[in-house]
1. So if I take the centroid of the Cα atoms in region 46-123 and the same for region 13-39, what is the distance between those two points in Å?
2. From the protein chains alone at 1.4 Å, what is the descending order of accessible area for E29, E92, E57, largest first?
3. With a 1.4 Å probe and every protein chain kept in, tell me what percent of the accessible surface of the chain is carbon plus sulfur.
4. Out of S64, T7, L125, whose Cα points farthest toward the positive end of the dipole of the chain (charges: +1 Lys, Arg; -1 Asp, Glu; placed on Cβ)?
5. For K119, give me every one of the lysines with a C-alpha distance below 18 angstrom, ignoring sequence neighbours fewer than eight places off in its own chain.
6. Counting heavy atoms of the protein chains only and a 1.4 Å probe, report the per residue accessible area for region 1-110 as a whole number of Å².
7. Grab every C-alpha pair in region 1-71, bin the distances at 10 angstrom width from 0 up to the longest one, and report whole percents.
8. Against the longest alpha carbon principal axis of the chain, how many degrees, from 0 to 90 and to the nearest 10, is the axis of helix 2-11 turned?
Amino acid sequence: VRTVLMTLRTHHGIDYFIDRLTAYHEPMEAIVLAVKGKTPASLTDADITAIRQHLQEAQTIWQSVEQATVDAEQYRLSDKAINALATGIQQEATALRALQAALTAVDRQRIITAGSAIKPPFAALFMLFGDFTLAQ
């Protein structure tokens, strides 16, 4: 549903910050799945090539996240949430740089560790835009 709505908004020229996060999710998740359950011995050259490709796409999309302006009122974000948003964006950027460094060094253990580490800050950031009080 997120992807369908993102596609519709994009088609109609509507810039919606959360769509940037939705677009980022696909290459980010592909990286996480590529390293999931892997050891340095089982992480193949093909895996590394795929991770490099997904990382390039993820970095491009993440730049658009970093450059976006988020209207706190529009998204009903508190000052605390806005601070968490800025922190989360920075943490994700740091995680992407760590993965890039691991790939540059072709250090399989670091690639696995860094590839797994890109999801938690993203997930926390994405959750800032949900109202989960209704689920309680």
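The values are calculated or read from the model by the stated rules, or taken from the named source; none is laboratory data. Values in this document were obtained by computation on a predicted structure and should not be read as measured data. As a convention, Cβ positions derive from the backbone with ideal geometry for all residues, glycine included, and neighbour counts pool all protein chains shown. Protein only, heavy atoms only, side chains kept; ligands, DNA and RNA dropped before computing areas. Shrake-Rupley method; radii C 1.70, N 1.55, O 1.52, S 1.80 Å.
1. 9
2. My answer, sorted largest first, is E57, E29, E92.
3. The nonpolar share, carbon plus sulfur, comes to 56 percent.
4. Result: L125, furthest along the dipole toward the positive end.
5. In chain and number order, the partners are K36, K38.
6. For region 1-110, the solvent-accessible area averages 61 Å² per residue.
7. 19, 41, 26, 12, 2
8. 70
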